[in-house]
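The values are calculated or read from the model by the stated rules, or taken from the named source; none is laboratory data. Just so it is clear, the model here is predicted, and its values are computed rather than measured. FYI the Cβ positions are ideal-geometry reconstructions off the backbone, even for glycines, and counts take in every protein chain you see.
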């Protein structure tokens, strides 16, 4: 396994991944499971944040405390990535949120951009790119290209499920980017969907299937 891929091994993730994979899971419970896994991913990623020490007063005495010493920007890839935002915001409430709109051409399987909006200056920000599925790796790789062109220097990518093919492509394109995932699946099918996977994450999150 490449050192840039951090696969979270946690009982609660395994429980919630089972909920996500089950075809009978309702939209409501699917969203809840995505949020809980996103909470855990956020906690793991936050280990890399810079902290600044400060002085505070408790009700009893003065003491030392800490605050996050850098701008945190969450950037979901539309639309499926939106389902992960609330889980991250719950853990990192000071984070700002940008958006990248990419859709996959079902014939070529290549990403096509249709929207981009982030804070104006992300050069000093800790940027967390969110997309539930790392399938072919095309959309995630292209999104990182956009972010780098906008000046982002510190980027991590977080997903729920990764396929070996997408992981390989992403690491080849961006060997400087760490990937945090909740599951590594077997392979892609002929249409570029992850197996065993969990279906279309966007459709299952928003009930549009």
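Quick rundown of the values:
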quantity: Any chance residue 180 is more than 21 Å from residue 87 (Cα to Cα) and either touching a strand residue (DSSP E or B) at 6+ places or on another chain (Cβ under 7 Å) or crowded, with 20+ Cβ neighbours inside 10 Å (or both); calculated: no
quantity: Single residue of region 183-194 satisfying the filter (surrounded by fewer than 20 Cβ atoms within 10 Å (Cβ to Cβ) and in a loop (DSSP other than H, G, I, E, B)) that is farthest from the chain's Cα centre (by Cα); calculated: 190
quantity: Candidates 24, 107, 55, filtered to the one that is in a strand (DSSP E or B) and surrounded by fewer than 11 Cβ atoms within 10 Å (Cβ to Cβ); calculated: 55
quantity: One residue from 177, 171 being out of contact with any helix residue (DSSP H, G or I) (no Cβ under 9 Å at 6 or more places or on another chain) and modelled with pLDDT of 95 or more; calculated: 171
quantity: Test: residue in region 142-152 that is crowded, with 21+ Cβ neighbours inside 10 Å and touching a helix residue (DSSP H, G or I) at 6+ places or on another chain (Cβ under 6 Å); calculated: no
quantity: Scan of region 75-87 for residues that are without any contact (Cβ under 8 Å) to a residue 60 or more places away in the chain and part of a helix (DSSP H, G or I), ordered by number; calculated: 85, 86, 87
quantity: Flag for residue 160 being over 15 Å from residue 74 (Cα atoms) and in a strand (DSSP E or B); calculated: yes
quantity: Given (1) buried (at least 17 other Cβ atoms within 10 Å of the Cβ); (2) over 21 Å from residue 148 (Cβ atoms); (3) under 18 Å from the mean Cα position of the chain (by Cα), index of the condition residue 74 fails; calculated: (2)
quantity: Residue match in region 6-17 (condition: exposed (fewer than 15 other Cβ atoms within 10 Å of the Cβ), part of a strand (DSSP E or B), more than 13 Å from the chain's Cα centre (by Cα) and modelled with pLDDT of 95 or more); calculated: no
quantity: Residue match in region 65-74 (condition: closer than 18 Å to residue 197 by Cα and assigned to a loop (DSSP other than H, G, I, E, B)); calculated: no
